[in-house]
Amino acid sequence: MTGPVRVIRGDTSLPPGFDHPHASEQARRIAEQGTVLRVQVGSGVHGTSVGGQDDRDEMGICFEPARFVTGLARVPAGRSATATVEFEQYQRHTVWDAPGGLANRSGAGDLEVVVYSARKWARLALGGNPTVLLLLFVPDAEVVHRDEVGAELVAGAHRLVSRQAAARFLGYLQAQRAAMTGEVGAHTNRPELVAVHGYDTKYAMHALRLGLQGVELLGTGRITLPVPEPGLSRLRAVRRGEVPLAEVVAEVAEAEAALVRLQTSADVPPEPDRAWVDDWLHRGYQRAWAS
């Protein structure tokens, strides 16, 4: 991101609790009150949404109270559960409110949101997790909320990027490719796409997207959102089923090979700056606990 990172004050409210291990009312309150960064991370921010078919995916980071970090406090494992779990995130899909509950698939107009504990998010990001790293590169128009602590993290995005991301992008790409082609052990929950196009075009699009974004991140240290042209038009064509499976498989294989090479040759550092992230966490928790 060029120039200073803006503070953007937004609504941090979340859908009410649900009977899910990470959706208790107490977890919701912790996430709402401690949020420092929350953004859109789904197809809308990538630019790959087609025909209003997609839900809205959001992800955030929060700082939980001291007793959940330095003590043994836990949260209920769901809205009505007697069991407890450590607080790691608040996760909520609005489609759960419809008949069928947790088994429902999200669609147009639904919200899927997860707000991670800052410590959990940092562990995932330092390991190069493609999904959580996106929070660092989302344009201002897609930011729901970003306070001073969140802005500092975004300004230091380069400190979290390393060659470690290559293996994570490869793993995610390979999983999407396996689902796309229906390999043994893979799972697709979109048989309607397979019936029309001969393959799961959404998995195919994600496999190719991960390849494009992984190569960009390892080559430049950043991810451009939405996906720039000509990649974006190609991804949208794949999602619409306009590209033969053989061509998609070849393009994914090319991206996979590039990621393999970049594991040892990328210009980004071999390791992230863990000391900087640790200092950011320490100061962020102190600030949260003093307020």
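The values are calculated or read from the model by the stated rules, or taken from the named source; none is laboratory data. Since the model is a prediction, treat every value here as computed from it, not as a measurement. So basically every Cβ, Gly included, is an ideal-geometry build from the backbone, and we count neighbours across all protein chains shown. Only protein heavy atoms, including side chains, enter the accessible area calculation; ligands, DNA and RNA are left aside. Shrake-Rupley method; radii C 1.70, N 1.55, O 1.52, S 1.80 Å.
Structure data summary
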| read-out | value |
| --- | --- |
| Net charge over other residues, Cβ less than 13 angstrom from the Cβ of Phe18 (K, R count +1; D, E count -1) | -1 |
| Per residue value of the accessible surface for the chain (all protein chains in place, 1.4 Å probe), Å² | 45 |
| Computed label-point distance, nm, for sites Ala73 and Ala108 using a 7 Å Cα→Cβ extension | 4.3 |
| Neighbourhood net charge (12 Å Cβ-Cβ; Lys/Arg +1, Asp/Glu -1) for Leu225 | -1 |
| Gyration tensor (Cα) of region 142-269, equivalent ellipsoid semi-axes in angstrom | 28, 18, 13 |
| Difference of contour (0.36 nm per residue) and Cα-Cα distance, Ser233 to Arg287 | 15.1 nm |
| Carbon/sulfur fraction of accessible area - the chain, other protein chains in place, 1.4 Å, % | 53 |
| Sum of side-chain charges, Cys62 neighbourhood, beta-carbon under 12 Å (Lys, Arg +1; Asp, Glu -1) | +1 |
| Options (1) 20.0; (2) 20.7; (3) 18.9 - which one matches Kirkwood radius over Cα pairs in Å as calculated here | (1) |
| Efficiency of FRET from Cβ geometry, Ala83 and Val50, R₀ 41 Å, rounded to 0.05 | 0.50 |
| Three-way shape label, region 39-145, alpha-carbon gyration tensor, a/c 1.5 | oblate |
| Cut-off under 5 Å, modelled amide H: who pairs with Val144 long-range | Arg38, Val39, Gln40 |
| Gyration tensor (alpha-carbon) shape descriptor, region 210-271, a/c threshold 1.5 | oblate |
| Over the chain, relative contact order from alpha-carbon pairs under 8 Å, at least 6 apart, % | 21 |
| Equivalent-ellipsoid semi-axes of region 198-243, from the Cα gyration tensor, Å, largest first | 21, 11, 6 |
| Pairwise FRET efficiency - Lys120 versus Ala250, Cβ, R0 = 30 Å, nearest 0.05 | 0.20 |
| Cα→Cβ-extended label distance, 7 Å offset, between Asp278 and Arg240, nm | 5.1 |
